[in-house]
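The values are calculated or read from the model by the stated rules, or taken from the named source; none is laboratory data. Bear in mind the structure is a predicted one, so any value in this text is a computation, not a measurement. Neighbour counts run over all protein chains shown; Cβ positions are idealised from the backbone, glycine included. Protein only, heavy atoms only, side chains kept; ligands, DNA and RNA dropped before computing areas. Shrake-Rupley method; radii C 1.70, N 1.55, O 1.52, S 1.80 Å.
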Amino acid sequence: YLWIATWAGVTRFDGVRFTPIAGDLLNDHVRVLLEARDGSMWIGLGGGGVVQWRGRVVRTIATADLRSAIDVRALVEDADGRIWVATEKGVAVIDGTGVAGHLGVLEGLPHESLTDLATGRAGAVWVATGAGVCAANLATLRCAPPVFTSRANVVDETRAGTLVIGGASGLIEGGVVRLSGREVTSILEPREGGLWAGLVNGDVARLNGDTVTIYGSDDGLLAGGPVAALRQDEEGSIWIGTYNAGLSRLTPTRVRTYSTGDGLPASADEHPSRQVYYTAAAL
């Protein structure tokens with residue numbers, strides 16, 4: 001299933017229809033979702049804390065336990081099964097008993113307002129803030145000195161261990177700036193490799209080696225609006241969630257080019273090639 005966070009609650013898509021679920025939340029302003037390894041769904045709310053939802057059993061971590069934070073910005077699960085909650089008041093770490101710790105400026109965060117979280121291969125948690133990115137140590141719940149000192153909208157670590165940061169200056173991949181001049185608001189590493197980046201103007205960029213392909217909202221391919229989330233489903237489609245502009249899906253279409261090597265009498269390209277293109281649909 002594809003789970004979708006909206007300002008009107010949580011919706012689940014089964015490939016045919018959208019069905020509202022988790023109707024017993026404190027409020028319907030859902031900002032972020034995380035499926036934990038135990039199968040439960042963690043739901044971050046605007047103004048309502050964070051909820052663990054499994055079937056009809058609801059466990060709520062109130063805003064007071066999150067240092068009176070209003071908005072939950074990001075959720076990740078660490079190697080020990082603890083849930084990290086990024087808010088505009090720092091980070092709260094939740095275990096089986098409740099909030100087990102906090103990270104704020106005193107614990108090394110460059111800024112108390114958080115924008116994103118990501119797990120790293122070495123077990124640390126990357127923390128993106130309004131003034132940089134740092135790696136949080138799980139044992140001491142402290143953040144190392146920032147590796148990036150500007151505002152970061154989103155952070156991720158690739159399967160190869162490369163740190164990727166998206167912000168107003170573009171996409172920083174392993175210290176190299178890409179998509180310069182374009183503000184990046186979301187990142188996805190698809191199964192086939194490369195990167196996808198969602199942009200503040202509603203476009204998405206596909207980065208495959210040195211090749212960059214832009215799928216735009218101005219030409220009617222996408223719904224438009226700042227890209228809030230990128231996900232890949234089991235069929236390889238890329239789902240694009242936006243702020244206030246709906247949901248789009250880019251579906252891969254494999255195209256083969258035939259040439260003289262295949263028996264054609266003439267061809268502008270003497271070498272057969274296979275490329276994957278994407279067609280779009282707004283939902």
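Quick notes
- A simple spin-label model places the labels of residue 12 and residue 59 1.9 nm from each other, with each point 7 Å out along Cα-to-Cβ.
- GNM top mover of 110, 20, 190 - the chain, alpha-carbon springs below 10 Å: 20
- Distance (nanometres) between label positions extended 7 Å along Cα→Cβ at residue 68 and residue 137: 3.1
- Excluding exposed DSSP-loop GluC sites (Glu not before Pro) (at most 10 other C-beta within 10 Å), longest clean stretch of the chain: 1-191
- Accessible surface, per residue, of the chain when the full set of protein chains is kept, probe 1.4 Å, Å²: 48
- Whether segment 1-136 is rounded, prolate or oblate, judged on the alpha carbon gyration tensor where a/c under 1.5 counts as rounded: prolate
- Most mobile listed residue (78, 116, 210) in the chain, GNM with C-alpha springs under 10 Å: 210
- Just the protein heavy atoms count here, and of the accessible area of the chain at 1.4 Å, carbon and sulfur take up 49 percent.
- DSSP-assigned coil residues among trypsin sites (Lys or Arg not before Pro) in segment 1-52, each with at most 16 further Cβ atoms within 10 Å: 17, 37
- Inter-probe distance in nm under a simple model that places probes 7 Å from Cα toward Cβ, at residue 180 and residue 244: 3.2
- Evaluated over the chain, the Cα radius of gyration and Dmax, each in Å: 20.3, 74
- Ranking 33, 241, 251 by Cα position along the charge dipole of the chain, where only Lys, Arg, Asp and Glu carry charges on their C-beta atoms, puts 33 farthest toward the positive end.
- About the Cα centre, charge dipole magnitude for the chain (Lys/Arg +1, Asp/Glu -1 at Cβ), debye: 340
- Extension gain for the segment residue 201 to residue 38, taken as residue separation times 0.36 nm less the Cα-Cα distance, is 55.0 nm to one decimal.
- Förster-model FRET efficiency, 35 Å R0, residue 162 and residue 100, C-beta, rounded to 0.05: 0.70
- Considering only 109, 179, 117, the mean-square fluctuation computed in a Gaussian network model of the chain, springs between alpha carbons under 10 angstrom, is largest for 179.
- Net charge of the neighbourhood of residue 197, taken over other residues with C-beta under 11 Å away and scored Lys/Arg +1, Asp/Glu -1, is -2.
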